[in-house]
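A.B. asks: Got a structure here, written out as structure tokens. Questions coming.
The values are calculated or read from the model by the stated rules, or taken from the named source; none is laboratory data. As the structure is a computational prediction, the values presented were derived from the model and not from experiment. Don't worry about glycine lacking a Cβ; one is built from the backbone with ideal geometry, like all the others, and counts go over all protein chains shown.
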Amino acid sequence: MPSIHLKTEIPGPRSRKLNELRHEHVSPGPFHTTPVIASHAEGSVVTDVDGNSFLDFSSGIGVTNLGHRDPAVMQAVAEQAEKFVHTSINVVAYEGYIRLAERLNALLPKAAPCKTFLANSGAEAVENAIKFARVKTGRQAVIAFEHGYHGRTYMAMALTAKAHPYKSGFAPFPAEVYRAPYPDFYRWPGVQGDPGSCPQATECPLERCFCREVFNSFAEIARGQIGEQNVAAVIIEPVAGEGGFVPAPAPFLNMLRQWCDEHGVVLIFDEVQTGFGRTGSLLACHQLDVTPDLVVMAKGLANGLPLSAVTGRAEVIDAVGLGGVGGTYCGNPLACAASHAVLDRFEDPAVLAHACHIGEMLRHRLEAFAKRFRCIGQTRGLGPMRAIELVSDPVTKQPNKAAAQAVVQYAYEHGLILMACGTHGNVLRFLVPLTMNDEDLNEGLGVVEDALASLE
């Protein structure tokens, strides 16, 4: 039975009325993908105030990985609310925070011993990860990457690559932030083959070693523009999220790991979007077999409640003294309870197995779309974190933002919540709930197929 049910035109009359109030009373700063106004949500379905039901291929930007209103998460939050909602960890500590830190520390066994700091958002966690790295090393410079997105607070904005709309008009930004090329195989000139086959060595089955070329560019920037002795941290997303769902090859990440070890630099993985099953493993670094010094987590960590974490080597976390990091709401008891329920759910191997199943379904369908539609330049991703890049011409690879916008609009008008991303705004990203059933996934992909066909 279809999950998409449209009773009115989109947006419906109540959504239109509320949007008028939104324009009158709400800051125009937050972007809005669809013009519909939510009433309630369950599993993979969002219902708006006009009674229209939409399949959700966004998961609140990769947050509700376990679906909307996961019963275990809801129960944990309700039980905690019956006890207390807030004391602030800075005033009266509570077991939920302490036990959650213990569980998150166990996610990085190769970095043990580990410690954790909890915050509210991914950007907050990024800011604090940089603090830890700078204090530990006594250095200032931070290297981020093209296509990277790390948040909207000031240090996070400085680390974020894309200028508009994230950085426009907000300068000046914090100093000592440098940028290196991200390993974007699709747009790296002159290289052919599969970067996933590249070993961590000077010899490579590719005609030119893509990973080695990108790493050499990084190393030259570090050496020539900064000086290795001045670098406090390198921060990278294992899969560039907002930048277009571009996976970083494991050999390249291993080269970074070795370089950081050689020069006493803190390696930070921003797993805000890639964490908690989004790539088919609990963290992306688990399947890439590269252990960072610090990992930043948020989004799926609490399945919709505001919570983030910096987890990593105790010697780095301990570098900041008493009172050096913190915040009134950091590690809120309700969010901690939700996160415990999330981790409990992922202890069932069937959850990640289903996520991998979704990833394979997406991969096969999107590859089929690529063979049919000339506007698709590349399909890519890691596990169920998948995307298709739309281009005006497959030879020149000219980004086609207008096509991506048209598909997104067609999608929501036909009952599917879908989002675009990418440095050029031309990438369709698939962030489906990892609990979505096959019927709903196929129904939503059918809408995507029809949307792509409408471009022909």
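A.B. asks: If I filter the stretch 141-151 for residues that are at pLDDT below 95, in a helix (DSSP H, G or I) and within 21 Å of residue 265 (Cβ to Cβ), do I get at least one hit?
C.D. replies: No, the conditions are met nowhere in the stretch 141-151.
A.B. asks: Does residue 15 satisfy the criteria of being closer than 27 Å to residue 431 by Cα and in contact (Cβ under 8 Å) with a residue 24 or more places away in the chain? Steps first, answer last, please.
C.D. replies: Numbers: closer than 27 Å to residue 431 by Cα: yes; in contact (Cβ under 8 Å) with a residue 24 or more places away in the chain: yes.
Yes; evaluated as a whole, the condition is true for this residue.
A.B. asks: Out of (1) touching a Gly at 6+ places or on another chain (Cβ under 8 Å); (2) more than 25 Å from residue 73 (Cβ to Cβ), what's the single condition that is false for residue 315?
C.D. replies: Here residue 315 meets the rest and fails (1).
A.B. asks: Also: Please go through the stretch 152-178 and pick out each residue that is modelled with pLDDT of 95 or more and under 19 Å from the mean Cα position of the chain (by Cα). Talk me through it step by step, then tell me what you get.
C.D. replies: Going through the stretch 152-178, the residues modelled with pLDDT of 95 or more turn out to be 176-178.
Correct list: empty.
A.B. asks: Further question on the same structure: Is it the case that some residue within the stretch 381-397 is assigned to a loop (DSSP other than H, G, I, E, B), touching a strand residue (DSSP E or B) at 6+ places or on another chain (Cβ under 8 Å), surrounded by 21 or more Cβ atoms within 10 Å (Cβ to Cβ) and of a type in the set (Gly, Ala, Ser)? So that I can check it myself, show each step before the final result.
C.D. replies: We begin by selecting, within the stretch 381-397, every residue assigned to a loop (DSSP other than H, G, I, E, B); these are 383-384, 392-397.
Right, trim to touching a strand residue (DSSP E or B) at 6+ places or on another chain (Cβ under 8 Å) and you get 384, 392, 394, 397.
When the remaining residues are screened for being surrounded by 21 or more Cβ atoms within 10 Å (Cβ to Cβ), the result is 384.
Subsequent filtering for residues that are of a type in the set (Gly, Ala, Ser) retains none.
No, the conditions are met nowhere in the stretch 381-397.
A.B. asks: Any residue in the stretch 252-269 that is at pLDDT 95 or above and within 14 Å of the chain's Cα centre (by Cα)?
C.D. replies: Yes - at least one qualifying residue is present in the stretch 252-269.
A.B. asks: Have a look at 83, 115 and point out the one that is in contact with a strand residue (DSSP E or B) (Cβ under 8 Å, 6 or more places away or on another chain) and of a type in the set (Lys, Arg). Explain how you work it out, then say what you get.
C.D. replies: On the way: 83 fails: in contact with a strand residue (DSSP E or B) (Cβ under 8 Å, 6 or more places away or on another chain).
Matching residue, one of 83, 115: 115.
A.B. asks: Now a separate question. Give 252, 276 a once-over and let me know the one that is touching a strand residue (DSSP E or B) at 6+ places or on another chain (Cβ under 8 Å) and among the aromatic types (Phe, Trp, Tyr). First the steps, then the outcome.
C.D. replies: Numbers: 252 fails: touching a strand residue (DSSP E or B) at 6+ places or on another chain (Cβ under 8 Å).
None of the others qualify; the one that does is 276.
A.B. asks: Another question about this same structure. Test residue 28 against the stated conditions and say whether it is assigned by TED's automatic domain parsing to the domain that holds residue 362, touching a Ser or Thr at 6+ places or on another chain (Cβ under 8 Å), modelled with pLDDT under 95 and part of a loop (DSSP other than H, G, I, E, B).
C.D. replies: When the stated conditions are applied, residue 28 does not pass them.
A.B. asks: Moving on. Could you tell me whether any residue of the stretch 16-39 is touching a Leu at 6+ places or on another chain (Cβ under 7 Å) and crowded, with 20+ Cβ neighbours inside 10 Å?
C.D. replies: Of the stretch 16-39, the ones touching a Leu at 6+ places or on another chain (Cβ under 7 Å) are 37.
Still in the list and also crowded, with 20+ Cβ neighbours inside 10 Å: none.
Checking the stretch 16-39: not a single residue is touching a Leu at 6+ places or on another chain (Cβ under 7 Å) and crowded, with 20+ Cβ neighbours inside 10 Å.
A.B. asks: Which one of 384, 333, 399 is at pLDDT 95 or above, closer than 30 Å to residue 94 by Cα and either not assigned by TED's automatic domain parsing to the domain that holds residue 102 or not aromatic (Phe, Trp, Tyr) (or both)?
C.D. replies: On the way: 384 fails: closer than 30 Å to residue 94 by Cα; 399 fails: closer than 30 Å to residue 94 by Cα.
Result: 333 is the single residue among 384, 333, 399 that is at pLDDT 95 or above, closer than 30 Å to residue 94 by Cα and either not assigned by TED's automatic domain parsing to the domain that holds residue 102 or not aromatic (Phe, Trp, Tyr) (or both).
A.B. asks: Do we have residue 34 as within 21 Å of residue 11 (Cα to Cα) and either in contact with a Cys (Cβ under 9 Å, 6 or more places away or on another chain) or assigned to a strand (DSSP E or B) (or both) here?
C.D. replies: no
A.B. asks: Turning to a different aspect of this structure: Any residue in the stretch 120-134 that's assigned to a helix (DSSP H, G or I): show its pairings with residues that are surrounded by 24 or more Cβ atoms within 10 Å (Cβ to Cβ) and among the acidic types (Asp, Glu) at Cβ separation under 8 Å, as long as the two are six or more apart or on different chains.
C.D. replies: Once the first residue is assigned to a helix (DSSP H, G or I) and sits in the stretch 120-134, its partners that are surrounded by 24 or more Cβ atoms within 10 Å (Cβ to Cβ) and among the acidic types (Asp, Glu) give 122/270; 126/270; 133/293.
A.B. asks: Is it fair to say residue 234 is in the same structural domain as residue 116 (by TED's automatic domain parsing), under 18 Å from residue 382 (Cα atoms) and buried (at least 24 other Cβ atoms within 10 Å of the Cβ)?
C.D. replies: Numbers: in the same structural domain as residue 116 (by TED's automatic domain parsing): yes; under 18 Å from residue 382 (Cα atoms): no; buried (at least 24 other Cβ atoms within 10 Å of the Cβ): yes.
Against the criterion (in the same structural domain as residue 116 (by TED's automatic domain parsing), under 18 Å from residue 382 (Cα atoms) and buried (at least 24 other Cβ atoms within 10 Å of the Cβ)), residue 234 does not qualify.
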